[in-house]
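Asker: Take this structure first; my questions come after.
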Amino acid sequence: RTMSAPVLVLNQNSKRESGRKVQLGNVEAAKTIADVIRTCLGPRSMLKMLMDPMGGIVMTNDGNAILREITVQHPAAKSMIEISRTQDEEVGDGTTSVIILAGEMMVAAQQFLEQKMHPTVIIAAYRKALDDMQEILTELSVDIDVTEKSEMRKIVKSAIGTKFINKWADLACDMAIKSVSTVVQQNKSTGRREIDIKRYAKVEKVPGGILEDSEVLDGVMLNKDITHPAMKRRIENPRILLLDCSLEYQKGESQTDMELSKDTDFEKILQMEEDYIKRVTSDVIAHKPDLVFTEKGISDLAQYFLTKANITAIRRVRKSDNNRIARACGATVCSRTEEIREEDIGTGAGLFEVRKFGEEYFTFITKCKDPKACTILLRGASKDILMEVERNLQDAMQVTRNVMINPQLLPGGGSVEMAVAQRMKERSKSMTGVEQWPYRAVADALEIIPRTLVQNCGASTIRTITALRAKHATSGNETWGVNGETGQIADMKALDVWEPLSVKLQTYKTAMETAMLLLRIDDIVSGSKKAEGGEGSGTAAPTH
């Protein structure tokens, strides 16, 4: 049988790479992403400056923020970027280390791939290593008392130590701890602690002033001014009413036509509108609030009635802000004016005032008795600085939250990695078969964290790491790591550098699992779509 025309299985313009080439390509991709982030680890970390397509600038050393801005081509690199986002959403800190570790795990596998070892063997070893890591981490961890302020500060300080705001570390620590302990809520039914930072600890950035002016308000702040100039700008112990209905005449849903037969009808209609507004406002006024917030509009007439009753009204408040005010002063958001009850009115706030920063007016509701929500007010010289400080605070708050939910700590500064690596090497000696090599490689790969810390300080890497390894070889020195400021080895207990266990566990899990996932890939088919007919058109066989 002679050769017939070649069979086209794949679309003509789709590329297919397979086998070793892909696996090594994935390793390269993971390594490249890790190299971008590598200088952002530790207290001596550098900042990256990124331009987005719109010409805006981002300056940061938060692993996740950097990778968010980078656009990559390679599919494996994309999944690396994904993991730093996962890390950020899960535990909020350790975004940089997770990328570095995942990259290093891939590099560790490279030599075995080149020696033609089968990926599944490597993966099996990695899986065993991961289980052992988690076990060792839990052994190394120490419990902590969450109510102890000084203890909490140490942890948050270690999280902030690697960031831009470590100059103002004390201020930042206190802000993070205060805001998180404000929003903690015990869930009665499940008995779990619920800490919703995103919704109830709002960060408001106001350019101007200096960083030292930043503070956590014991209440809420909005970017709003009063609706009518005659209203009061400062009220002590206000009675607060929150609405999410509008205080204006309801127009018909769709277009409504009215036919007027008598000339007095028009006045009647106006009268009806006026009566409606009067009714609604009198519903409000009957409860004698001093402050009314609504998510919708307030018509001029309603403003007049409210001003006459000496009530300050603020309109078009964001829904999220309204919920925050509700939690801060103990009010309930009402949807209809007829149904306002006495207990819906919040009396927990101590002071309402409108202050002016720069050009804008801001409304403050502060001195709350037992606020369950708060606003963090950040001041700073420029927008870029504020963005970075906000990101750093976010990390600090997440760390505080993690410790409150799971109060266990590990020593920082690369000491954990060294201790885990040491114990894993011990264990690998008793292993038989091919699996022991990748397992040992994982242990070596963990040393990348202390090594990077040393590199970022510009100290001699080999000498320091060897000294550290020797330290860990003798038992009882599990807390020795790298002092990120000087690049010398030091006892982390003395330096008070601690990290939450939950962050470390998550970092290891994410990094190892990504490495396992990427090693499993042995084929990449990238089809470029045809311009006209969308996917699979053109050379694909007709289906009928």
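The values are calculated or read from the model by the stated rules, or taken from the named source; none is laboratory data. What you see is a predicted model, and the numbers here were worked out from it, not measured in a lab. Cβ placement follows ideal geometry from the backbone for every residue including glycine, while neighbour counts extend to all protein chains displayed. Just the protein is used for accessible areas: all its heavy atoms, side chains included, with ligands, DNA and RNA removed. Shrake-Rupley method; radii C 1.70, N 1.55, O 1.52, S 1.80 Å.
Asker: Please list, ordered by residue number, the strands (runs of 3 or more DSSP E) wholly in region 443-535 having 2 or more residues that are crowded, with 24+ Cβ neighbours inside 10 Å, out of contact with any His (no Cβ under 6 Å at 6 or more places or on another chain) and at negative phi.
Answerer: 480-482, 498-500
Asker: Which residue pairs have Cβ atoms closer than 6 Å, lie 6 or more positions apart in sequence or on different chains, and pair a first residue in region 85-103 that is under 22 Å from residue 404 (Cβ atoms) with a second residue that is of a type in the set (Gly, Ala, Ser) and open to solvent by 20 Å² or more (accessible area, probe 1.4 Å)?
Answerer: Taking only residues 6 or more apart or on different chains, the pairs are 91/502.
Asker: Give me a count of the residues in region 164-188 that are in contact with a strand residue (DSSP E or B) (Cβ under 7 Å, 6 or more places away or on another chain) and not hydroxyl-bearing (Ser, Thr, Tyr). Even if it seems obvious, please write down each step before you answer.
Answerer: So in region 164-188, the residues in contact with a strand residue (DSSP E or B) (Cβ under 7 Å, 6 or more places away or on another chain) come out as 175, 178-180, 182-187.
Still in the list and also not hydroxyl-bearing (Ser, Thr, Tyr): 175, 178, 180, 183-187.
Counting residues in region 164-188 that are in contact with a strand residue (DSSP E or B) (Cβ under 7 Å, 6 or more places away or on another chain) and not hydroxyl-bearing (Ser, Thr, Tyr) gives 8.
Asker: Checking residue 208 against (1) among the small types (Gly, Ala, Ser); (2) open to solvent by 10 Å² or more (accessible area, probe 1.4 Å); (3) under 14 Å from residue 371 (Cα atoms), only one condition comes out false. Which one?
Answerer: (3)
Asker: What about residue 282, is it within 27 Å of residue 349 (Cβ to Cβ) and touching a Gly at 6+ places or on another chain (Cβ under 6 Å)?
Answerer: In short, no.
Asker: Sticking with this one: How about region 72-164: which helices (runs of 4 or more DSSP H) wholly inside it have at least 2 residues that are over 25 Å from the mean Cα position of the chain (by Cα) and in the same structural domain as residue 33 (by the TED database)?
Answerer: Helices (runs of 4 or more DSSP H) meeting the threshold: 95-114, 119-140.
Asker: Moving on. Please state which of the following conditions residue 416 fails to meet, knowing it meets all the rest: (1) within 21 Å of residue 491 (Cβ to Cβ); (2) open to solvent by 10 Å² or more (accessible area, probe 1.4 Å); (3) not basic (Lys, Arg).
Answerer: If we test residue 416 against (1) within 21 Å of residue 491 (Cβ to Cβ); (2) open to solvent by 10 Å² or more (accessible area, probe 1.4 Å); (3) not basic (Lys, Arg), just (2) comes out false.
Asker: Now, a different point. Which pairs have Cβ atoms under 7 Å, sit 6 or more apart or on different chains, and link a residue in region 147-175 that is closer than 23 Å to residue 193 by Cα and among the acidic types (Asp, Glu) to one that is open to solvent by 60 Å² or more (accessible area, probe 1.4 Å) and outside any helix (DSSP H, G or I)?
Answerer: So the pair list comes out as 151/145.
Asker: Output the residue which, of all residues in region 277-312 that are among the polar types (S, T, N, Q) and part of a helix (DSSP H, G or I), is farthest from residue 228 (Cα to Cα).
Answerer: Filtering region 277-312 for residues that are among the polar types (S, T, N, Q) and part of a helix (DSSP H, G or I), the one farthest from residue 228 (Cα to Cα) comes out as 282.
Asker: If only one of 181, 189 is out of contact with any Asp or Glu (no Cβ under 6 Å at 6 or more places or on another chain), outside the structural domain of residue 345 (by the TED database) and in a loop (DSSP other than H, G, I, E, B), which one is it?
Answerer: After applying the criteria, what remains is 189.
Asker: Now for a separate question. Restricting attention to region 150-174, and to residues there that are touching a helix residue (DSSP H, G or I) at 6+ places or on another chain (Cβ under 7 Å) and of a type in the set (D, E, K, R), which single residue is farthest from residue 407 (Cα to Cα)?
Answerer: Here the residue is 163.
Asker: Where in region 318-424 are the strands (runs of 3 or more DSSP E), entirely inside, with at least 1 residues that are of a type in the set (Asp, Glu)?
Answerer: 351-357, 360-366
Asker: Name the single residue that is nearest to residue 516 (Cα to Cα) among those in region 425-439 being hydroxyl-bearing (Ser, Thr, Tyr) and in a helix (DSSP H, G or I).
Answerer: By that ranking, first place goes to 439.
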